[in-house]
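Data first, discussion second: the structure below is written as structure tokens.
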There are 2 protein chains.
Amino acid sequence: MLAGIMNTARASLVALLLGAILMNHPQSTSADHDSEAPVAIVIHGGAGTIRRGDLDADKEAQLRATLEESVRAGHAILLEGGTSLDAVMAAVVILEDSPLFNAGRGAVFNAQGGHELDASLMEGAGRQAGAVASVEGVRNPILLAHKVMTDSPHVMLMGEGAEEFARLHDIVFEPPEWFDTEFRRQQLERIRERDPNAHAVSESPDEWLSTVGAVALDQHGNLAAATSTGGTTNKRWGRVGDSPIIGAGTFADNRSCAVSATGTGEYFIRATVAKDICARVQYLQKPLAEAVGDVIHGELVEMGGDGGVIAMDPAGNIVMDFNTEGMYRAAIAADGSLSVEIYRDGEGSK
Amino acid sequence: MLAGIMNTARASLVALLLGAILMNHPQSTSADHDSEAPVAIVIHGGAGTIRRGDLDADKEAQLRATLEESVRAGHAILLEGGTSLDAVMAAVVILEDSPLFNAGRGAVFNAQGGHELDASLMEGAGRQAGAVASVEGVRNPILLAHKVMTDSPHVMLMGEGAEEFARLHDIVFEPPEWFDTEFRRQQLERIRERDPNAHAVSESPDEWLSTVGAVALDQHGNLAAATSTGGTTNKRWGRVGDSPIIGAGTFADNRSCAVSATGTGEYFIRATVAKDICARVQYLQKPLAEAVGDVIHGELVEMGGDGGVIAMDPAGNIVMDFNTEGMYRAAIAADGSLSVEIYRDGEGSK
């Protein structure tokens with residue numbers, strides 16, 4: 001089933017990445033691991049108005065297969081003793097390389113007919129973070145965000161400057177055609193026909209927000225979160241959403257939780273969604289599901305924001321919650337069980 | 001004393017701004033006001049290694065006079081019944097127009113010899129916010145951040161796109177010479193002589209961070225915060241610091257507090273300083289000074305971050321705290337008392 005949506009280029013890149021990651025853990029064998037230490041991973045491919053019947057069977061099968069491929073890639077790294085940071089990167093790379101999601105290859109078109117990509121990640125032990133905003137031509141923005149974290153004194157780089165940094169660090173670029181998908185071009189044209197100034201936010205059911213993200217817990221007890229997006233269709237003026245903002249779209253802190261968000265970014269910034277969820281866990285001692293619910297169905301709804309989050313606490317509890325019709329999501333829980341869901345009436349959290 | 005550092009252009013702009021603000025409150029007279037409702041304002045001109053003896057008497061007098069001018073301009077608006085948002089903007093405009101601070105006119109040089117300006121603001125009633133990152137040529141980035149909040153569906157715009165938005169909205173631009181100050185050029189040259197790749201962060205005593213900001217409470221009980229900066233000397237790669245990040249450099253929420261930060265921006269982003277302080281006030285029910293202290297002298301020091309914040313709660317309590325040698329700061333408290341301080345042994349909070 002996977003073969004149909006897998007392409008050689010992506011398979012090679014993932015293999016390279018997995019190889020590089022495993023080489024960093026040459027002593028990792030199952031014998032080294034604390035068998036009591038849970039590992040878990042959860043991913044999302046965006047929240048929006050996704051209703052049963054909106055997707056044909058073939059498209060739905062492709063989406064589910066890619067979600068499963070992504071979550072399994074991250075989980076394999078965790079099982080081998082890899083870090084949660086490596087796991088969330090591997091999971092997000094697969095979603096970025098898929099044309100099905102609004103991140104990397106499948107990014108929406110901006111008002112200039114180009115693709116501006118945003119990404120961020122954070123690890124919960126030292127609370128180190130990296131982010132890039134509005135970069136063009138970078139195949140995997142999440143890997144550039146990681147490079148910003150590891151190879152610069154900075155947390156966030158943007159625009160041409162970030163691209164210059166990327167070229168200095170052997171980050172893979174692709175030509176514009178790589179990012180041009182017919183599905184997204186039709187979205188742009190439909191939106192422009194209705195209103196040249198409109199953005200995809202709060203548009204029709206087939207214009208999902210489709211930001212991607214991953215959150216994981218590794219055998220060392222460390223949390224990490226990553227988020228990547230192509231922003232909103234027809235966006236202009238150098239708009240920055242919540243995905244590259246630490247505290248809004250992404251946050252990780254071993255003392256509380258790790259979160260990756262997807263939704264109407266402006267509201268997620270104003271509500272500092274990811275940090276606020278973790279603050280409620282840390283300061284109010286709320287269970288993760290309750291903290292997420294208070295923000296996603298409370299704060300955000302009061303402000304008028306749509307979307308959802310995936311989140312995990314240091315015990316490996318997973319929450320996938322959203323105030324929209326659906327959210328593409330998958331998880332492999334601490335007990336090893338896999339779930340892949342799209343609609344509201346699927347499992348909301350486990 | 002003010003005459004020496006005031007110039008006609010700035011005076012006109014401030015007069016225009018004050019005029020526009022007062023026109024928005026034509027019925028505001030002291031008789032209309034709840035005389036019980038406190039108003040207060042606090043500003044900063046950056047934290048860093050500022051020691052007695054580093055400044056000559058003339059420079060110190062200029063700095064103190066500009067801080068006083070700024071805080072009085074904001075306070076005058078509050079006394080007239082204006083909003084805290086208008087007050088913090090008026091205070092920040094004066095600091096941006098001064099060549100003494102690293103914001104607007106006095107912005108440091110980036111690696112290309114230009115000036116990239118960042119600013120953000122937020123109001124605590126509806127938690128609306130606006131921000132711009134890496135804009136060039138905009139005289140008062142804080143007014144552009146406000147325009148993003150009021151006249152776009154977005155919270156954050158960056159780079160050339162933000163400048164395009166600014167031109168559509170009659171934002172004032174100045175030629176590059178406006179922002180070129182001899183003091184900052186010498187900083188750039190000194191840093192490049194030592195290490196072409198160095199940034200001003202953690203540099204010598206005369207290379208203060210000097211971000212500016214303001215926080216205010218108005219007669220309507222609403223808090224607001226604003227922050228503006230020129231970033232770090234010799235900065236490259238489109239680096240974004242904490243100043244334009246809602247939750248890091250700026251945050252306001254009537255349920256807790258309002259904060260404007262200054263310091264080593266990367267740490268302030270990772271610690272989501274402004275939001276974290278307000279979260280501790282709201283969720284842990286801590287007094288503002290304690291919440292600020294826990295973050296500035298606890299979290300940030302543990303991570304290795306330097307800097308400080310100004311903060312205010314809905315009762316008008318003011319906190320000015322920092323873990324550096326000094327912070328340029330001024331306040332007019334709810335009792336009407338003025339303080340203008342630079343060094344650590346001045347009043348820390350009141």
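Is there a residue being at pLDDT below 95, buried (at least 24 other Cβ atoms within 10 Å of the Cβ) and within 14 Å of chain B (Cβ to nearest Cβ) anywhere in the range A:256-263?
Yes - at least one qualifying residue is present in the range A:256-263.
Among the listed residues B:Asp313, B:Asp345, which satisfies the condition of being open to solvent by 10 Å² or more (accessible area, probe 1.4 Å), in contact with a helix residue (DSSP H, G or I) (Cβ under 6 Å, 6 or more places away or on another chain), away from chain A (no Cβ under 14 Å) and among the acidic types (Asp, Glu)?
None of the others qualify; the one that does is B:Asp313.
So which residues in the range A:264-274 are in a loop (DSSP other than H, G, I, E, B) and either at the interface with chain B (Cβ under 9 Å from one of its Cβ atoms) or touching a Cys at 6+ places or on another chain (Cβ under 7 Å) (or both)?
Passing the criteria: A:Ala271, A:Thr272.
Would you check which residues across the range B:219-230 are over 12 Å from the mean Cα position of the chain (by Cα) and open to solvent by less than 10 Å² (accessible area, probe 1.4 Å) and list them?
B:Leu223
Answer yes or no: is there a residue in the range A:119-138 that is in contact with an Asp or Glu (Cβ under 9 Å, 6 or more places away or on another chain), open to solvent by 20 Å² or more (accessible area, probe 1.4 Å), under 27 Å from A:Thr66 (Cα atoms) and not aliphatic (A, V, I, L, M).
Yes, the range A:119-138 has at least one match.
Which of the residues spanning the range B:275-289 are open to solvent by 20 Å² or more (accessible area, probe 1.4 Å) and more than 13 Å from chain A (Cβ to nearest Cβ)?
B:Pro287, B:Ala289 - these are the residues of the range B:275-289 that are open to solvent by 20 Å² or more (accessible area, probe 1.4 Å) and more than 13 Å from chain A (Cβ to nearest Cβ).
Answer yes or no as to whether B:Ala87 is in contact with a Lys or Arg (Cβ under 7 Å, 6 or more places away or on another chain) and either open to solvent by 10 Å² or more (accessible area, probe 1.4 Å) or within 17 Å of B:Ala216 (Cα to Cα) (or both).
Values: in contact with a Lys or Arg (Cβ under 7 Å, 6 or more places away or on another chain): no; either open to solvent by 10 Å² or more (accessible area, probe 1.4 Å) or within 17 Å of B:Ala216 (Cα to Cα) (or both): yes.
Judged against the criteria, B:Ala87 is not a match.
How about the range B:45-62: which of its residues are closer than 23 Å to B:Ala214 by Cβ and either over 21 Å from the mean Cα position of the chain (by Cα) or crowded, with 18+ Cβ neighbours inside 10 Å (or both)?
The answer is B:Gly45, B:Gly46, B:Ala47, B:Gly48, B:Ile50, B:Leu55, B:Gln62.
Before we move on, is B:Val88 at pLDDT 95 or above and more than 20 Å from B:Phe251 (Cβ to Cβ)?
No, not satisfied.
Kindly list the number of the only condition in (1) in contact (Cβ under 8 Å) with a residue 24 or more places away in the chain; (2) part of a loop (DSSP other than H, G, I, E, B) that fails for B:Lys286.
Among (1) in contact (Cβ under 8 Å) with a residue 24 or more places away in the chain; (2) part of a loop (DSSP other than H, G, I, E, B), B:Lys286 violates only (1).
Could you please tell me which pairs satisfy a Cβ distance under 6 Å, a separation of 6+ or placement on different chains, a first residue in the range B:149-170 that is surrounded by 23 or more Cβ atoms within 10 Å (Cβ to Cβ), and a second residue that is of a type in the set (Lys, Arg)?
Hits for this filter: B:His154/A:Arg239; B:Leu157/A:Arg239.
Looking at (1) among the β-branched types (Val, Ile, Thr); (2) more than 7 Å from chain B (Cβ to nearest Cβ); (3) in contact with a helix residue (DSSP H, G or I) (Cβ under 7 Å, 6 or more places away or on another chain), which is the one condition that is false for A:Val155?
(2) is the only condition that A:Val155 fails.
Taking the options B:Phe268, B:Phe251, name whichever one is under 19 Å from B:Val212 (Cβ atoms), without any contact (Cβ under 8 Å) to a residue 40 or more places away in the chain and in contact with a strand residue (DSSP E or B) (Cβ under 7 Å, 6 or more places away or on another chain).
Just one listed residue meets the conditions, B:Phe268.
Please work out which residue is farthest from B:Arg270 (Cα to Cα), limiting yourself to the range A:240-255 and to residues that are facing chain B (nearest Cβ under 7 Å) and out of contact with any Gly (no Cβ under 7 Å at 6 or more places or on another chain).
This residue is A:Val240.
Could you check, for the range A:103-110, whether at least one of its residues is modelled with pLDDT of 95 or more and surrounded by fewer than 24 Cβ atoms within 10 Å (Cβ to Cβ)?
To start, the set of residues in the range A:103-110 that are modelled with pLDDT of 95 or more comprises none.
No, the range A:103-110 has no match at all.
Please find, within the range B:132-174, the residue that is farthest from B:Thr229 (Cα to Cα) out of those that are in contact with a His (Cβ under 7 Å, 6 or more places away or on another chain) and part of a helix (DSSP H, G or I).
B:Asp151
The values are calculated or read from the model by the stated rules, or taken from the named source; none is laboratory data. Everything quoted here is computed from the prediction, not taken from an experiment. Every residue, glycine among them, receives a Cβ derived from its backbone with ideal geometry; neighbour counts consider all protein chains shown. All accessible areas refer to the heavy atoms of the entire protein, side chains included, with ligands and DNA or RNA removed. Shrake-Rupley method; radii C 1.70, N 1.55, O 1.52, S 1.80 Å.
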